[in-house]
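Values quoted throughout were computed directly from the atomic coordinates according to the rules given, and no laboratory measurement underlies them. This one's a predicted model, so the numbers in the text were calculated from it and none came from an experiment. For neighbour counting, all protein chains shown are included, and Cβ atoms are generated from backbone atoms with ideal geometry for every residue, glycine included.
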Amino acid sequence: MKGITLEKPGAPWVLVDDLPVPEPGDSQILVKSIVTAINPIDGVQAATGLLVEGWPFTPGCDAGGIVVKAGKNAVSALGSPFKEGDRICGATRLGTKGHSPFQEYFLMDAQVTIPVPSNLSYEHAACVGVAVETAGLGVFSGLHVPIFDPKNLPAPNGEWALVLGGASSVGKMALQLLKKAGYKVIVTCSSGSAELLKSLGAEATVDYKKPKSEVISEILSITGNSVARVFDAVSQHVQFAADLLKGVEKSPRYFTSTNGRDPIPDDAPYEGGPILLGPVGRPEGTETNGRIEAFIPLVYKLLEAGELIPSEYIVGGTGFESIVDAYQLQSSGKGGNKKVIVKLQDP
């Protein structure tokens, strides 16, 4: 089958046509890749080998596809067995051969696979997986927000939550989940993204381009020094959050971040740490997998009801041969805050 491969870290991305079609295990599904989205982690893995179990390697992890074969124990988080013809999305197992949507057919682990409701296109489905699974882990585990009933949304609780990098795909999902959970949400973003984020539920926005001291002062002023939950969606704000939360009177204070590199400051006035999506799907990722499985029913119901809006996207190309160009578009930043997707093949 067709797919993208790299021979070693830093090697060119090459389209080949001789990759073996993988066979699903008992708790896995084999998926035909229809649309995929490009993510920063794709380039990181290709350049450094992070989480890569062996070479040659096929990058890619944001799936939108259709089930062609299911293992005998491949049961979705909704409680029903996966079957041929089911549409799915989600974050695939990172760094493991056979699991990349940058090839014609790939494996998904049923426990962390999101069924796609009928009202969602393959294009939008491909924009959901990595973003919502990262956001869900941060909101429900990192910020200690209880998973709520989508049929009986919590009443507004009057408490503030902050999303740093609110216009990113992860930030937009975190904003919406926090809003649905009853929080007043303030976000940092550019002035050009402010209206979009307000339409998704942001109570207030702060221009991240201002000096750090002004951003902190404005956040504390708007929230009355009471923003006790901070979500860093762009891997840049570990020290910023520590400085901000020193001025917050409310406790306990929680912080979570997509940044798994920088250590938490010794004097950090909060509980929390990095969001760990890396183990997704892996046998050793029991805790991560269980947490994702727990909120998939909520995500499905919100998507089905049109209450959780995927990121806007731009099409970076059609066919597997377009993946390299789409990756270059995404990494150049020319796509802005839109997801770059590739329409790979017909269902």
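Structure data summary
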{"item": "Over 21 Å between alpha carbons, listed pairs K83/K172; K210/K338; K2/K69; K198/K250; K32/K334", "result": "K83/K172; K210/K338; K198/K250; K32/K334"}
{"item": "Gain upon complete extension [S199, S331; 0.36 nm per residue less C-alpha separation]", "result": "44.8 nm"}
{"item": "Most mobile of A194, A155, A167 in a GNM of the chain (Cα contacts under 10 Å)", "result": "A155"}
{"item": "Residues in the stretch 73-100 reached by a label modelled at L51 [backbone nitrogen below 19 Å; 7 Å Cα→Cβ]", "result": "89-100"}
{"item": "Label-point separation, S190 to D267 (7 Å along Cα→Cβ), nm", "result": "3.5"}
{"item": "Rounded Å value of the spacing that divides the Cα centres of the stretch 79-126 and the stretch 1-74", "result": "12"}
{"item": "Fraction of beta bridges assigned by DSSP in the chain that are antiparallel (%, nearest 5)", "result": "55"}
{"item": "Peptides ranked, highest mean first, by Cβ atoms within 10 Å: ranges 177-189, 202-214, 235-247", "result": "177-189, 235-247, 202-214"}
{"item": "The chain - percent relative contact order, Cα under 8 Å, separation 6 or more", "result": "18"}
{"item": "Sites matching trypsin sites (Lys or Arg not before Pro) across the stretch 290-347 that sit in DSSP coil, with at most 12 neighbouring C-beta atoms within 10 Å", "result": "K334"}
{"item": "Coil-residue GluC sites (Glu not before Pro) of the stretch 260-347, DSSP, other Cβ within 10 Å capped at 11", "result": "E284"}
{"item": "Estimated 222 nm signal from helices in the chain, with DSSP H stretches of n ≥ 4 weighted -39500 (n - 2.57), rounded to 500", "result": "-7500 deg cm²/dmol"}
{"item": "Antiparallel DSSP beta bridges within the stretch 68-199, as percent of all bridges there, nearest 5", "result": "40"}
{"item": "Principal axis box of the stretch 143-274, alpha-carbon based, largest edge first, Å", "result": "41, 31, 29"}
{"item": "Mean Cβ count within 10 Å, highest first, over the residues of peptides 123-132, 140-149", "result": "123-132, 140-149"}
{"item": "Neighbour cut-off at most 10 other Cβ (10 Å), DSSP loop, trypsin sites (Lys or Arg not before Pro), the stretch 61-142", "result": "K72"}
{"item": "Mean Cα-pair separation over length for the stretch 143-274, i.e. relative contact order, pairs under 8 Å, 6 or more apart, %", "result": "23"}
